[in-house]
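Here the structure is laid out as structure tokens; the discussion comes afterwards.
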Amino acid sequence: MQSKSHKAVCRHEKPPNEIMKDIGNLAKSVSLVFIGTVLGQALGLLGELIIIRSVAPDVLGRLGLAYAVVSTLGTIVLFGVPSGVTRYLSTDDNQNQTGILPSGYVITLLSSSILALLLFIFRAEISSIAGDTDIGRILVFFLPYLLVLPIARISFAGLRSDHRTKAAVISKWVGPRIVALPLLIIAIYLGQSETGVILYWVMIPATASILSLWFLRTSFKLSEVSTPTQEEIRKLWRYSWPLAVSVSLTILLTRLDILMLSLFVDSTSIGYYRSIQPLRQVTTLVSASFGFLFLPLATKYYESHNIVQLDKLYSTSTKWIATLTFPFILVFALFSNDVIRVFFGAEYTPASLTLSILVGGLFFRSLVGLDTDLLKAINRTKIELVCAVVGVISNILLNYLLIPRFGIEGAALATIGGFFIYNLTEVLIIYAVIGIHPFKMNNLKPLIPSMVFAVLTHQFLISYRLNIFYLILIGISYTLIQLLALVFTNSLDESDLLLIQKFESRIDYKIPVVRSFID
């Protein structure tokens, strides 16, 4: 671990060419992934709206339950192997790596096939537990999902390790929905709504697997890929199995609130709470964009024992995650009533306070940056498992204490508390192991003027009924204020200048006021 004096000196050194080059690559990756993620989520939201308006509530309930079963269990039985594939393909050690990719396919396809077989055998029992005889029948049609999901995830992991940002964006976020949406619309037009919904949800990973394999062929030529050895499979499994339990617990952490709500509140309140779940994704939209390339870069620095550059990469990415996420948080938290009315209708506005609590509290996840990916990069997956256990236990206790007293607002507070303890534990362990943390003053200072401006704006507009145009306009103004706050609080350094240069090259415009303050 580095001493504090050594770390203090390192902070004032000019970043070397290697870190500047990698931060430039990170900037390129972020812009592409962010655009792809936004476009993909917009297409996904369009698909969900078409589904909701095309099938009866009881049919949607059965389809949704069956899909939740296969998608949740399908993710769990990947056993964290995709992260392991990305990490080991990102190291500088090229020996014994030719079998890593096929090892990932072998492990995940085997586990997914076993799961598909078990679901088929016990479909009647699952229907009995769910209290609906149609669930088992529907599950059978979803079984292909379990066979294409591992191919898509492992192939995406290979693209990620090779820094193939454009290929990953097309194969994961954009391409699958462009293919699946017309099939959904055609099926609905032909009067086969139920078939169309199933086809839509299955075709997304199926198309992703085809596209990612197509792009992957140029990164890993068949002549360079060998049959996986037992040692390679064991190596990948030793790294990945703690992530399997951790992923399961993280999924539980995100869904436990709804399960526990059913014990204390009525179905109407649960409906309000479920309606805002898609909107909470705004808290992780930017971090997902940075996360694509962060893990392979962080792994490279850690494996080469370059903690100084790892600290710079972590700090810079965290600063921009918080900077670009904060305007979304301010809009969704301060104008939650208008946001819900625009997206879902006035009948769901009782959930507005819950949305404000949820997105406001989950902003802490942006302040700690990509701490989970950093733990993977430094090969501490068992520690990640411990952190997840602590977060889930905290979430259960908080739900039990807060839901009976505060209802759906209590569930939101419990979710915030669970994630806060989970992420804070990760950050403390990272600091104890390698001596770096995300809470730099340059990351926090710019948030203060932006918050003051947002609160004043909200007080001025509190009596107005805002439509989608005004919400977008407010979001743009908050983003501009946030970027200016970076400059006026003197929170930029050489790494940030490189990020800005990459952004300027993409929009083909120099930003003189920003450049003058940086100079």
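The values are calculated or read from the model by the stated rules, or taken from the named source; none is laboratory data. Source: prediction; values computed, not measured. We place every Cβ from the backbone using ideal geometry, glycine too, and count neighbours over all the protein chains shown.
Before moving on, here are some points about what is shown:
- Whichever residue in the range 209-250 is at pLDDT 70 or above and of a type in the set (D, E) and, among such residues, is nearest to G175 (Cα to Cα): E232
- Residue check for N442: buried (at least 16 other Cβ atoms within 10 Å of the Cβ), modelled with pLDDT under 95 and under 30 Å from F488 (Cβ atoms): yes
- Filter result for T108 (crowded, with 20+ Cβ neighbours inside 10 Å, touching a helix residue (DSSP H, G or I) at 6+ places or on another chain (Cβ under 8 Å) and modelled with pLDDT of 90 or more): yes
- Checking I383 against (1) over 30 Å from L497 (Cβ atoms); (2) buried (at least 22 other Cβ atoms within 10 Å of the Cβ); (3) aliphatic (A, V, I, L, M), the condition it does not meet: (2)
- Answer residue from the range 442-460, given it is of a type outside the set (A, V, I, L, M, F, W, C) and assigned to a helix (DSSP H, G or I) and is nearest to P327 (Cα to Cα) among those: S450
- For the criterion of being aliphatic (A, V, I, L, M) and either in contact with a strand residue (DSSP E or B) (Cβ under 6 Å, 6 or more places away or on another chain) or free of Cβ contacts under 8 Å to residues at least 40 places away in the same chain (or both), I434 fails.
- Of all residues in the range 127-178, those satisfying the criterion of being assigned to a helix (DSSP H, G or I) and among the basic types (K, R) are R137, R153, R160, K166, K172, R177.
- Taking every residue in the range 406-419 that is polar (S, T, N, Q) and pairing it with any residue that is crowded, with 22+ Cβ neighbours inside 10 Å and assigned to a helix (DSSP H, G or I), at least 6 positions away or on another chain, the pairs with Cβ-Cβ distances below 7 Å are T415/D257; T415/L358; T415/N395.
- Boolean, L428 is at pLDDT 90 or above, within 21 Å of L249 (Cα to Cα) and surrounded by fewer than 19 Cβ atoms within 10 Å (Cβ to Cβ): yes
- Residues of the range 179-221 satisfying the condition of being assigned to a loop (DSSP other than H, G, I, E, B) and either more than 20 Å from Y67 (Cβ to Cβ) or of a type in the set (S, T, Y) (or both): L190, G191, R217, T218, S219, F220, K221
- Taken over the range 148-192, the criterion of being closer than 17 Å to Y105 by Cβ and β-branched (V, I, T) is satisfied by V148, I151, I154.
- Enumeration of residues in the range 98-126 that are part of a helix (DSSP H, G or I) and over 30 Å from E231 (Cα atoms): L119, F120, I121, R123, A124, E125, I126
- Lone unmet requirement of (1) crowded, with 17+ Cβ neighbours inside 10 Å; (2) in contact with a Ser or Thr (Cβ under 8 Å, 6 or more places away or on another chain); (3) at pLDDT below 90 for D132: (2)
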